[in-house]
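Heads up: the structure comes next, in structure tokens.
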Amino acid sequence: VPMAVLSCVKYLVFIFNVLVFAGGTCLAGVGVWVAVDPAGFQNLVATKAVLSAGAYLLLAVGIALALLGFLGCCGALRRSRPLLLA
């Protein structure tokens, strides 16, 4: 396989992981926002228990995606299989 193809794949994996990291960060931010200020979202969700559970779920999923994207970025740049498989 030519070196140019491997370099292109490396940067494509890096860009994809940056997008995953950004999405996870946004989800975590929305989760924190809903957990801190639930009054703005009570029009959308009828019960407060569902709103609280949803906020913490968004926060957990966002943190997990941000961590996965960060490890993927590091793994793509260093060409480290353990980081890419995490």
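Structure summary
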| quantity | calculated |
| --- | --- |
| Probe 1.4 Å - accessible area at Ile15, Å² to nearest ten | 100 Å² |
| Residue-level accessible surface for Ser52, protein heavy atoms, 1.4 Å, Å² | 50 Å² |
| Estimated D of region 3-68 in µm² per second, where Rh is the Kirkwood radius over Cα pairs and Stokes-Einstein applies at 37 °C, 0.692 mPa s | 249 µm²/s |
| Portion, in percent, of the accessible area of the chain that falls on carbon or sulfur, probe 1.4 Å | 77 percent |
| Accessible area in square angstrom per residue, the chain, 1.4 angstrom probe | 69 Å² |
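The values are calculated or read from the model by the stated rules, or taken from the named source; none is laboratory data. Treat the numbers as computed from the prediction; the structure is a model and nothing was measured. Side chains included, ligands, DNA and RNA excluded: accessible areas come from the protein's heavy atoms. Shrake-Rupley method; radii C 1.70, N 1.55, O 1.52, S 1.80 Å.
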